[in-house]
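So the structure is just underneath, and the comments pick up after that.
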Amino acid sequence: MRKIPLFEKELDRTCIQELSDSWGDNRFFMKRDDSIPFSFGGNKARKAAEFYREIRQTDTDVIMTYGSNSSNHCRIIANMAAAMGLDCHIISPEENRTMLNNTRLVQAFGAVIETCPVTCVAETIERRKEIYTQQGRHPYFIAGGGHGNPGTEGYVKAYQETAAYEQENDIYFDYIFHASGTGATQAGLVCGSLLAGDRNRRIVGISIAREEERGRNVVKDSIREYLGSRFEKLYTEDALIFTDAFRCGGYGSYTAEVEETISRVMHREGIPMDTTYVGKAFHGMLGFVRENRIRDQRILFIHTGGCPLFFDKLTKQ
Ligand SMILES: *Cc1c(COP(=O)(O)O)cnc(C)c1O
């Protein structure tokens, strides 16, 4: 398998920039994980760098994953496999979506896309793994969204990068907001803060799909899995803030107000955001700040990527 030099060492710290004073009575900053320099960046690139290091220690010859073939995750994994000279096999739920930029890229990277009914996902993955193994191949399976300890690890590091920035710039972020989906991003940030013993900061996951109970439990399970025996000592319920108040009905749905916010951010800051994750979460953050009458605080928003989705929207007829 070939090397990806960028992933051989730790990623460079992503930029944190202050935003304009357009967003109310707080100072807003943004951490630009969308600028991670691999395949249009984003949190899936940060997670993939961690999976890369694991895969390099194995004799993997085919990378398998699960996800919609229009997802950022599948784009990054298909690109990583292509760069490493490995085969890529994606199991996708049957769905009737239009062709999106991510779908085109996944196909261009030569990934095999196998669709199955949403109800048969687990069996389909197991069966496919067995078939590869029987053929003498060595599949490595990455859970949907880059879920699992390596994915969480990526965001423990993002937390440490943030803490280092604070030290150097003599600032403290009272809040960190981000789009929360399958939960590894939030699990990593929360683990980072628990391990650092920092109890004053609030890390708020804005759900882009899941209802509160399920979403919270999944994040909590990931935290438990990552911390292992340290969980009981370190974890408290107040460390995990996950809100479903801004999910606009579920995955992929958004309102005209979300679109307006996206347009304002692009005009005022020059920063593109998509409607499924980042724009929806940024809009949700403004709502959360307003509803909780938060003022005079320093607030960090993490831009988790999704650049190809921005262009899907821009070119939609
Ligand atoms: C997947 C994704 C998220 C959600 O991250 P999780 O770790 O799954 O919670 C947020 N933003 C973008 C752009 C994503 O692609």
Quiz item: Out of all the residues in the range 124-156, which are open to solvent by 30 Å² or more (accessible area, probe 1.4 Å), within 16 Å of the ligand (Cβ to nearest atom) and part of a helix (DSSP H, G or I)?
Solution: 149, 153
Quiz item: What strands (runs of 3 or more DSSP E), lying completely within the range 9-123, carry at least 2 residues that are of a type in the set (Lys, Arg) and either within 21 Å of the chain's Cα centre (by Cα) or under 21 Å from residue 309 (Cβ atoms) (or both)?
Solution: 27-32
Practice problem: Please specify each residue of the range 262-279 satisfying the condition of being part of a helix (DSSP H, G or I), open to solvent by less than 10 Å² (accessible area, probe 1.4 Å) and either modelled with pLDDT under 95 or away from the ligand (no atom under 11 Å from the Cβ) (or both). | Solution: 265
Self-check item: residue 67 vs. criteria over 30 Å from residue 170 (Cβ atoms) and surrounded by 14 or more Cβ atoms within 10 Å (Cβ to Cβ)
Solution: yes
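Answer yes if at least one residue in the range 290-304 is within 16 Å of the ligand (Cβ to nearest atom), in a helix (DSSP H, G or I) and either more than 24 Å from residue 165 (Cα to Cα) or not assigned by TED's automatic domain parsing to the domain that holds residue 255 (or both), and no otherwise.
Checked against the condition, which is being within 16 Å of the ligand (Cβ to nearest atom), in a helix (DSSP H, G or I) and either more than 24 Å from residue 165 (Cα to Cα) or not assigned by TED's automatic domain parsing to the domain that holds residue 255 (or both), the range 290-304 yields no hits at all.
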Quiz item: Residues of the range 33-50 being open to solvent by less than 10 Å² (accessible area, probe 1.4 Å) and within 16 Å of residue 184 (Cα to Cα), which ones?
Solution: 33, 42, 45, 46, 47, 48, 49
Practice problem: Within the range 74-100, track down each residue that is within 16 Å of the ligand (Cβ to nearest atom) and open to solvent by 10 Å² or more (accessible area, probe 1.4 Å). | Solution: 79, 93, 97, 100
Quiz prompt | Residue list for the range 140-175, filter: touching a Lys or Arg at 6+ places or on another chain (Cβ under 6 Å) and more than 16 Å from residue 201 (Cα to Cα) | solution = 146, 151, 154
Quiz item: Looking at the range 176-213, which of its residues are away from the ligand (no atom under 13 Å from the Cβ) and of a type in the set (Lys, Arg)?
Solution: 199, 201, 202
Quiz item: What number of residues in the range 59-73 are closer than 15 Å to residue 41 by Cβ and more than 12 Å from the ligand (Cβ to nearest atom)?
Solution: 0
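The values are calculated or read from the model by the stated rules, or taken from the named source; none is laboratory data. A quick note: this is a predicted structure, and the numbers were derived from the prediction, not measured. When we count neighbours, we look across all protein chains shown, and the Cβ atoms used for this are built from the backbone with ideal geometry, even at glycine. Each accessible area value is taken on the protein alone, full model and side chains, heavy atoms only, with ligands, DNA and RNA left out. Shrake-Rupley method; radii C 1.70, N 1.55, O 1.52, S 1.80 Å.
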